[in-house]
1. Averaged per residue, what accessible surface does segment 283-389 expose to a 1.4 Å probe, in Å²?
2. When ligands, DNA and RNA are left out and all protein chains stay put, how many square angstrom of accessible area per residue does segment 95-193 have with a 1.4 Å probe?
3. In whole Hz, with x marking every Gly and Pro, tabulate ³J(HN,Hα) for segment 221-237 from phi via Karplus 6.51 cos²θ - 1.76 cosθ + 1.60, θ = phi - 60°.
4. Using label points projected 7 Å from each Cα along Cα→Cβ, tell me how many nm separate A241 and T27, to one decimal.
5. Taking all protein chains as present, what is the carbon and sulfur share of the accessible area of the chain, in % to the nearest whole number, probe 1.4 Å?
6. If you add up the charges near G413, with Lys and Arg at +1 and Asp and Glu at -1, over every other residue whose beta carbon is less than 13 angstrom from its beta carbon, what do you get?
7. Cβ neighbours within 10 Å, averaged per peptide: list 71-78, 275-282, 206-213 in order, most packed at the top.
8. List the chymotrypsin sites (Phe, Trp or Tyr not before Pro) in segment 355-405 that DSSP assigns to loop (not H, G, I, E or B) and whose Cβ has at most 14 other Cβ atoms within 10 Å. Which are they?
Amino acid sequence: MDKPEKGTPADVQMSDTGKKSGKQPVTGCLLSAAFFGALGSSFIYGYNLSVVNAPALYIKDFFNKTWIERYGQPVAAETATLLWSITVSIFAIGGLLGALSVPVVIKVLGRKGTLLLNNIFAVIAALLLSLGETAKSFEMLIIGRFIIGVDSGIALSALPMYLGEITPRHIRGSIGQFNAILICLGVFTGQVLGLPELLGQESRWKYLFSFLALPAVLQLCVLPFLPESPRYLLMERRDEAAAERAFQRFLGKKDVSQELEEVHAEARAQENLRAASVLQLLRSPAVRWQLITIIITMACYQLCGLNAIWYYTSGILREAGFAEDIIPYITLSTGAIETLAAIVSGLVIERIGRKPLLIFGFSAMAFFFSLLTVFLNFQNSMSWMPYLSYVCILAVIASFCSGPGGIPFVLTGELFEQSYRPAAFVIAGIVNWLSNFAVGLLFPFIQEKLQSFAFLVFVVVCILGSIYLYFVLPETKNKTFIDISQSFAKINKIPVPTPGHEMEQVLHITPDSSGKAQDIIKMESSF
């Protein structure tokens, strides 16, 4: 547990519990940054995961009509399948490109500036996707899906980085979970707007994509008036005055000396304040196991089988005897469960911790996937078995969103200090989007070969992920970034920095004009 730190007279009057935890009220500025930052970023990503499902038949019909107008004959079945596959999968390719571009954009524009620039991609994509039918160009839809993929790739790196750097450590996990909550809310919104009574009709499906511009515009209206990341301002821009003002607004207090000193301490502990490249990150022994942990956690995030669940949902409901026209309404329960579980996770993450929630989530998914495999194999033998299968599907979704659905993004920001963080998000993004692409490409073949036993593949992934996290991942809740790095010092086989070592970095020895060495004491604010 952290030692009580000195502060203002008001801080001294706090209870011992309050002093030790460093708790303080959550400000409107911080909540606005979290909500509107996630609304124009992770919400759009989640929305695009579900929005193409409802109008899929209408989009394919549009492809065919356009082909006939151009070439005078219907599109061949193989070509139609190829066009649809490209339309769906190019989203992940755009996401990968977006993730790769993050370090360059963030270095120039900062965290907030990158999020603001990203809205341009969302608006352009919304225009292309919604005007493609009018222009009789399916190429516009494909390009629009690619651009919104780029938007999502940037968002899933820049947003967690921004939220992790503006938030006090005692609520860093809860605020970080805004990312997961808005992803789930985006998925749910896509499902609701895709209902036949709303925009899921042949004459209205293009408006599903027009909606993409709304959250982007809302973010553009609010985020410019909120501060940049104070860590970025202090450590990379060297603007202490701006960093102090940013901390004051986010934390709602005038005396932010403790927070500034924490950032100064992190800066002194780093050998190089310049942002490390991906190659430097891969070569550095000081962050080797942090990098391995993020790669495994992010791979498990995509390979744990949640995406494959959607393949079975409608079929199981049909087997249960539900009418075809009410199945879309019942499947709304999946989006609602996702959102509710993500909210609950955000409320308890600072009490339970990241590690227990991750291990519980993956372990519970393995358990319910095993049950689902059993129930699917007895689906036709008992009339009530499909209902149990659907309950298992909801349980898998809730288990995923209780921890694995959002915490990997929080951990990517927590396990690395400032100079390594952008490169770490590039690696995490590459793993995330390549794994996403691999699941979409390979699962149909796995399902064809293994049928209902295909879920056992995901059972293995979830169990292996849980075992790794149990033995390797330290708990990060309420810890500074330096404390978290030191938690990996032993496994990385590097010495833990001592106070004396930190003082050596404060004292710089430089030669004077006569060639003699003189000690220059770097003046730091003492708090």
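1. Per-residue value: 45 Å².
2. 28 Å²
3. Per residue, the Karplus-derived 3J(HN,Hα) values read 7, 10, 4, x, 8, 9, x, 6, 4, x, 5, 5, 5, 7, 8, 10, 8 Hz.
4. For the pair A241/T27, the computed spacing is 1.9 nm.
5. In the chain, the share of accessible area belonging to carbon and sulfur is 66 percent.
6. Neighbourhood net charge equals +4.
7. The packing order, highest mean first, is 206-213, 275-282, 71-78.
8. F378, W384
The values are calculated or read from the model by the stated rules, or taken from the named source; none is laboratory data. Keep in mind that this is a model prediction, so the values were computed, not measured. Every residue, glycine among them, receives a Cβ derived from its backbone with ideal geometry; neighbour counts consider all protein chains shown. The accessibility values were calculated without ligands, DNA or RNA, using every heavy atom of the protein model including side chains. Shrake-Rupley method; radii C 1.70, N 1.55, O 1.52, S 1.80 Å.
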